[in-house]
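Q: Supplied in structure tokens, the structure appears directly below.
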Amino acid sequence: TIGAACISICSTGIVRISLRQDAPQIKYQYQQVQQILTRRRRASRIMDFSLARHNMVVEQLERRGIRDPRVLEAMEWVPRHEFVPPELADMAYEDRALPIGLEQTISQPYTVAFMCQEAQIGGNDKVLEIGTGSGYGAAVLSLLAMDVFTIERLESLFDAARERLRTLGYDNVTA
């Protein structure tokens, strides 16, 4: 216990600070500590996703015969966790399709990589993708082709994918 605050650290690393109501300075410092911890958790999660993405490329794609270095690099660059619902982000790099709403799914990573490899897309190519879904395929294609045009029959999926692609900076995708 320190003055108006009681600080305890659990074995799991969780910091608990109990404050008296008349301790505004300590409350402010507590909020700063919470903000720092939140930023560190986010940075750690980003690092975890980067490692998961790398492992996906090595363990799921290379081992199953994906050899095109451009496709492998594109798959390692695109953050698949940004294209799935937040509650499924921890499953984003598993080699499986995941639901994205409206009875639709995001294709499994191997399927996307296989299609891209077999299409032999060059850097000057223009690609038409039919079935935008979450936008993941278009994002991968955008790293392989000069321009990607994508269409989707379900308007709400299309609008969400267009905004996601714009936010993530896939400027050569026209949705």
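The values are calculated or read from the model by the stated rules, or taken from the named source; none is laboratory data. Since the model is a prediction, treat every value here as computed from it, not as a measurement. Heads up, the Cβs are rebuilt from the backbone with ideal geometry, glycines too, and the neighbour counts pull from every protein chain shown. All accessible areas refer to the heavy atoms of the entire protein, side chains included, with ligands and DNA or RNA removed. Shrake-Rupley method; radii C 1.70, N 1.55, O 1.52, S 1.80 Å.
Q: Please find, among F149, F114, the residue that is modelled with pLDDT of 95 or more, part of a strand (DSSP E or B) and open to solvent by 50 Å² or more (accessible area, probe 1.4 Å). Spell out the reasoning first.
A: Details: F114 fails: part of a strand (DSSP E or B).
Just a single option satisfies the conditions, and that option is F149.
Q: Of everything in the stretch 125-141 that's within 13 Å of R70 (Cβ to Cβ) and open to solvent by 10 Å² or more (accessible area, probe 1.4 Å), which residue is farthest from the chain's Cα centre (by Cα)? Spell out the reasoning first.
A: Restricting attention to the stretch 125-141, the residues satisfying the condition of being within 13 Å of R70 (Cβ to Cβ) are 125, 140-141.
Restricting the remaining residues to those that are open to solvent by 10 Å² or more (accessible area, probe 1.4 Å) gives 125, 141.
Values: D125: 26, L141: 16 Å.
Checked the stretch 125-141; the qualifying residue farthest from the chain's Cα centre (by Cα) is D125.
Q: Working only within the stretch 60-91, note down all residues that are farther than 23 Å from A119 by Cβ and in a loop (DSSP other than H, G, I, E, B).
A: Hits for the stretch 60-91 are V84, P85.
Q: What's the total number of residues in the stretch 92-111 that are part of a strand (DSSP E or B) and open to solvent by less than 50 Å² (accessible area, probe 1.4 Å)?
A: If we filter the stretch 92-111 for residues that are part of a strand (DSSP E or B), which is where we start, we get 98-101, 104-106.
Narrowing the set further to residues that are open to solvent by less than 50 Å² (accessible area, probe 1.4 Å) leaves 98, 100-101, 106.
Here the count works out to 4.
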